[in-house]
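Accompanying notes for the structure given below.
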Amino acid sequence: MNDLAALQTRELGKRYGSKWALRDCTLDIPAGSVTALVGPNGAGKTTLLQLAIGLTKPTAGDVHVLGRSPRDEAASVLPRVGFVAQDHPLHRSFSVADTLTLGRKLNPTWDQEFALRRIERLGLPLSQKVGQLSGGQQAQVALTLALAKRPDLLLLDEPVAALDPLARREFLNALMEVVSETELTVVLSSHIVTDLERVCDHIVILSQGRTQLVDTIDDVVASHRLLTGPRTDPDTVARVHQVIRESHTERQTTLLVRANGHVYDSCWQIHEVDLEEIVLAYLGYGGISPGMRNDTREAVAG
Amino acid sequence: MTWLAWRLQRTETLIMAAVLALLLVLLIPTGIQIANAYHQDGLAVCAGSTPSQACGNLLGNFMSRFESIRNTTVWLTLLPGLIGVSLAAPLALELEHGTHRLAWTQSITRRRWLAGKIGMAVGVALLATLALTLLLTWWRTPFVHLNGRIDPAEYDAEGIVPFGYTLFSLGLAMAIGVLWRRAVPAIVVAFLGYFAFRLFVDIWLRQRLINPVSTTWSNATRGPDLNHSWVLSQSPSDRLGNAVAVTPQPCGSAILKPGGPHVRCFSTHGASYSHAVYHPASHFWSLQSVETAIFAGAGLLMMAFAAWWTHERTA
């Protein structure tokens, strides 16, 4: 077992009925990293995070969090992992103070001083009912609850999906602040790619229940290139580089490739691409390369 | 976990306490009134003795005076069911709102969460039932002296069966609640299910839980004390206990008193004997034990199912 992996999965799979929500997922998320888990709705992001915190049991494979099984060794894993579920469920009838009491009563490692300081900084009155807070404020309270148990690993399921752009920015800023102060490992899922590059250093792209890409964001951006040139068959390129997406007009061919080393080819104009475009290419928007289509078919049939 | 379980069950517990307080306010004055009337009328001498003319009149007066309030309190037998289903609400509400995920991602295991939540519900439910049963048992004391407590009108508010009813309705509502994850419809359906099962037991099952006593006696003798018993059937019969149909009924249906005119009438129609099938007062605790075991056992099984389902199948 790799000591550095905060979250490790091996051929992890989860099936609901006859449908695989997550399949053959093998990845290592290193300690200290901030990882974006990206994919469209229904890609398996929530399933992966729920498997990591032990909310659900795997159908196949293994998942280890901080070196332990979250389901079988829940008592020793749970105090070290913070989790904010989708739509950040809180008791709406509780006051903010009650919510902190919940955290204090249910977590042996609870840091009440930290929690109070954060709530104060957010400008939330302790007597306020949670149900009366805005969505952004509720998300901040949920994040406070997850952080005040002083976890080593923080899992956030779509933390900003329901927030307006301003609240989203504030939430991510708060998160970045905590990350910069501590050794916290963070995995956060999102179907919105904007803003993630600012916060995250690793990326996992999930689609149709399978991992498409696991890498650092720097490497992803550095290795992907957009090639444009006269209309041609991409086979020569595909022999050396991995073609992620191709599109053709009458006179021109555009390829998005994951370059294997540098691309030396005078027939192609080489452009850099931003992260969002790379993610979209992996998720199959704007045409799928023949290779990818085969993969997809196997995923469905297998 | 105790704090959280209590905090999430506070509303239900307070409502229940308010209902019990209301019952106290209603039942304590009337209970004192009934007990006073019982002693002042000297009804104690009539309890269980041979019905004399004087006793008959006293009893008639007493019963008609308190009949309406007594009939009202019969409905209180539904309260254990209401206590049970309403205390299952906090569990179903957590699953409905998704807040169980908040608790399960703190540092406690879901096993402890379940134990805390179910334990709190069971504890408060049993306490509320205890308070209710003590109050009703005290209130009914004069009626029990007169009629015994195995009579269906008294039986289900006495002894230990109310605890069985509470556990049954609590378990049923929890099981439906964790499957359905909608608190209000689960509670309504669970209460209807509880009511249906109670009807089935009251009407059909209870009398068959243990064998009733079957006796034939000559109308010339006093026969068994059916006044404090639960009589399932009673009819004029021949010496072997075979029912004799007296048709058309010329003899009326009044109580058979030895040597009375009805007895002579039945005798001329070939029915010098009476036959009765009944549960005597001595069957009270056996019936209570078996019935409580059925309700409480089913309730605990359903709770175990709810806990298992939540532990294994809920995310």
Pairs, first within 13 Å of another protein chain (Cβ to nearest Cβ) in the range B:1-20, second surrounded by 14 or more Cβ atoms within 10 Å (Cβ to Cβ) and acidic (Asp, Glu), C-beta under 8 Å, six or more apart: B:7/A:98; B:8/B:94
Failed condition for residue B:299, given (1) part of a helix (DSSP H, G or I); (2) within 14 Å of another protein chain (Cβ to nearest Cβ); (3) in contact with a Leu (Cβ under 7 Å, 6 or more places away or on another chain): (2)
Residue ranges of strands (runs of 3 or more DSSP E) in the range A:12-65 with at least 1 members more than 17 Å from residue B:313 (Cβ to Cβ) and within 14 Å of chain B (Cβ to nearest Cβ): A:19-30, A:60-65
Residue within the range B:114-128 that is part of a helix (DSSP H, G or I), within 13 Å of another protein chain (Cβ to nearest Cβ) and closer than 15 Å to residue B:183 by Cβ present: yes
So residue B:196, is it in contact with a helix residue (DSSP H, G or I) (Cβ under 6 Å, 6 or more places away or on another chain) and away from every other protein chain (no Cβ under 14 Å): no
Yes/no for residue B:311 being surrounded by fewer than 21 Cβ atoms within 10 Å (Cβ to Cβ), over 24 Å from the mean Cα position of the chain (by Cα) and touching a residue at least 40 places away in the same chain (Cβ under 8 Å): yes
Helices (runs of 4 or more DSSP H) wholly inside the range B:1-107 that include at least 2 residues being farther than 19 Å from residue B:177 by Cβ and over 23 Å from the mean Cα position of the chain (by Cα): B:2-40, B:53-74
So residue A:78, is it closer than 30 Å to residue B:90 by Cβ and assigned to a helix (DSSP H, G or I): yes
Residue A:226, sole failed condition from (1) modelled with pLDDT under 90; (2) assigned by TED's automatic domain parsing to the domain that holds residue A:283: (1)
Residue within the range A:77-85 that is under 26 Å from residue A:209 (Cα atoms), within 12 Å of another protein chain (Cβ to nearest Cβ) and out of contact with any Leu (no Cβ under 8 Å at 6 or more places or on another chain) present: yes
Residue among B:141, B:109, B:133 that alone is surrounded by fewer than 24 Cβ atoms within 10 Å (Cβ to Cβ), more than 14 Å from chain A (Cβ to nearest Cβ) and at pLDDT below 95: B:141
Selection from the range B:87-102 of residues that are surrounded by fewer than 23 Cβ atoms within 10 Å (Cβ to Cβ), facing chain A (nearest Cβ under 8 Å) and not polar (S, T, N, Q): B:97, B:98
Given (1) within 14 Å of chain B (Cβ to nearest Cβ); (2) modelled with pLDDT of 95 or more; (3) touching a helix residue (DSSP H, G or I) at 6+ places or on another chain (Cβ under 7 Å), number of the condition residue A:159 does not satisfy: (2)
Out of A:103, A:131, A:123, A:135, sole residue that is surrounded by 19 or more Cβ atoms within 10 Å (Cβ to Cβ) and of a type in the set (Gly, Ala, Ser): A:103
Matching residues in the range A:92-132 - criterion: being within 19 Å of residue A:81 (Cβ to Cβ) and acidic (Asp, Glu): A:111
Counted residues, the range A:73-122 - those being more than 20 Å from residue A:185 (Cα to Cα) and hydroxyl-bearing (Ser, Thr, Tyr): 4
Members of the range B:35-67 found to be among the hydrophobic types (A, V, I, L, M, F, W, C) and more than 21 Å from residue B:281 (Cβ to Cβ), listed by number: B:35, B:37, B:54, B:58, B:66
Criterion (within 14 Å of chain B (Cβ to nearest Cβ) and touching a Pro at 6+ places or on another chain (Cβ under 9 Å)) met by exactly one of A:129, A:149, A:105: A:149
Sole residue being facing chain B (nearest Cβ under 8 Å), assigned to a loop (DSSP other than H, G, I, E, B) and over 19 Å from the mean Cα position of the chain (by Cα), chosen from A:92, A:71: A:92
Total residues in the range B:4-59, condition charged (D, E, K, R) and out of contact with any Leu (no Cβ under 7 Å at 6 or more places or on another chain): 2
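The values are calculated or read from the model by the stated rules, or taken from the named source; none is laboratory data. Just so it is clear, the structure is predicted and the values come from calculations on it, not from any experiment. Positions of Cβ are backbone-derived with ideal geometry, glycine not excepted, and every protein chain shown enters the neighbour counts.
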